[in-house]
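Asker: Below are the C-alpha cells for one structure; questions will follow.
The values are calculated or read from the model by the stated rules, or taken from the named source; none is laboratory data. All values reported here derive from a predicted model rather than from experimental measurement. Heads up, the Cβs are rebuilt from the backbone with ideal geometry, glycines too, and the neighbour counts pull from every protein chain shown.
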Amino acid sequence: MADSHTPEAAQTPETAQDLGAAQDAGAAQTTEAVQTFEPEGRAIPFAEEGAGPAVVLIAERGESIAYLGALAHSLTQEDFRVVRIGGRADEESASSPAERAQDVVDLLDQLGVGDAWIGGHGHGGTIARHVALEHHDRVDGVLLLGVEPLQPPLAAGLPVLVIQGTADDVTPAQNGRTLQESAPELVSVVAVEGAGHDFPATHVGETSWAIEDYLDWD
C-alpha cells in the first residue's frame, strides 16, 4: 500500500462504474473451475487463477465460491494471483473461525503461497481477521467486503481496507465506519453507492477498482 493513501471514507468514482460495466460483462464468463482441497478429510472448495501478488477471497457463509469468480477474474487482469476459498463441504465440521482460518493457511501452504492480502465477504471477512490475528506473518493486509459486528480485534500493524455497499442490510455500512473509528490509522473505507450485500457480485468493477487502487498495483 502506497504512502499516499490515508484512512478515510471514499466512494468509487464514476469512471470505475463505467469500467465495471465492461468488466462485469466479460469477467463473469471467464472463471476457473472449482477444486477441492482435502487435508485430513476436510473438503475445502477453492479456485486459483492469475499471477502476481496473492489476494485471497473467502466466501460468505453458506455461499458457493462461484459468485466471486467475476471479481477474481477482474483482479487477475490487473496482475494479481487470486485464490477463492469456501467453507468446508460439511460446514458443521468447522466449529470455530479459528479452524476456518487454519483451513485457509493450510490451503496457502498447499499452493505455495507464502503471504497474501487476506479478504472475505461478510462472515468470510471475519475468517480473514482471524487469519491475520493467528498467522500474522502470512498476511500483508486485510480486505473486508462488508463488516460483521462483534468481530475479533484487529491484528496489530496490518492495514485494513473496508469496501461496503451503502444499501447493505446484512452488514450495514455503519459497521465499517465504527471499525474505522476504532483504528483510524489502520482502516480505510470505500463506499459502493446504492449497493446491497451482494455487491462483490453485482458491482464487480467498482469493487475490483477499489482493491486495485488501494494496493497500488497498476
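Asker: Between residues in segment 143-155 that are touching a residue at least 24 places away in the same chain (Cβ under 8 Å) and residues that are buried (at least 18 other Cβ atoms within 10 Å of the Cβ) and in a loop (DSSP other than H, G, I, E, B), which pairs lie under 7 Å by C-beta distance while being six or more apart or on different chains?
Answerer: Short answer, once both residue conditions are applied: G146/G122; G146/D168; G146/T171; G146/H197; V147/T171; E148/G122; E148/T171; L154/L186.
Asker: Which of the residues that make up segment 125-157 are among the hydrophobic types (A, V, I, L, M, F, W, C), under 15 Å from the mean Cα position of the chain (by Cα) and farther than 20 Å from D109 by Cβ?
Answerer: We begin by selecting, within segment 125-157, every residue among the hydrophobic types (A, V, I, L, M, F, W, C); these are 127-128, 131-133, 139, 142-145, 147, 150, 154-156.
Next cut, under 15 Å from the mean Cα position of the chain (by Cα) only: 127-128, 131-132, 139, 142-145, 147.
If the condition is that a residue be among the hydrophobic types (A, V, I, L, M, F, W, C), under 15 Å from the mean Cα position of the chain (by Cα) and farther than 20 Å from D109 by Cβ, then L143, L144, L145, V147 are the ones that fit.
Asker: With (1) touching a helix residue (DSSP H, G or I) at 6+ places or on another chain (Cβ under 6 Å); (2) surrounded by fewer than 16 Cβ atoms within 10 Å (Cβ to Cβ) as the list, and G157 as the residue in question, which single condition is left unmet?
Answerer: (1)
Asker: Of all residues in segment 119-142, which are buried (at least 16 other Cβ atoms within 10 Å of the Cβ) and more than 13 Å from A59 (Cβ to Cβ)?
Answerer: We begin by selecting, within segment 119-142, every residue buried (at least 16 other Cβ atoms within 10 Å of the Cβ); these are 119-135, 138-142.
The answer is R129, H130, V131, A132, L133, E134, H135, R138, V139, D140, G141, V142.
Asker: Output the residue which, of all residues in segment 94-118 that are surrounded by fewer than 16 Cβ atoms within 10 Å (Cβ to Cβ) and of a type in the set (S, T, N, Q), is modelled with the lowest pLDDT.
Answerer: If we take residues in segment 94-118 being surrounded by fewer than 16 Cβ atoms within 10 Å (Cβ to Cβ) and of a type in the set (S, T, N, Q), then S95 is modelled with the lowest pLDDT.
Asker: Taking the options A183, A155, A173, A195, name whichever one is among the aliphatic types (A, V, I, L, M) and under 25 Å from H73 (Cβ atoms). Explain how you work it out, then say what you get.
Answerer: Numbers: A183 fails: under 25 Å from H73 (Cβ atoms); A155 fails: under 25 Å from H73 (Cβ atoms); A173 fails: under 25 Å from H73 (Cβ atoms).
Step by step, each of A183, A155, A173, A195 is checked, and only A195 is among the aliphatic types (A, V, I, L, M) and under 25 Å from H73 (Cβ atoms).
Asker: Kindly indicate whether any position in segment 167-179 is crowded, with 22+ Cβ neighbours inside 10 Å, free of Cβ contacts under 8 Å to residues at least 60 places away in the same chain, in contact with a helix residue (DSSP H, G or I) (Cβ under 9 Å, 6 or more places away or on another chain) and of a type in the set (A, V, I, L, M, F, W, C).
Answerer: The answer is no; no qualifying residue exists.
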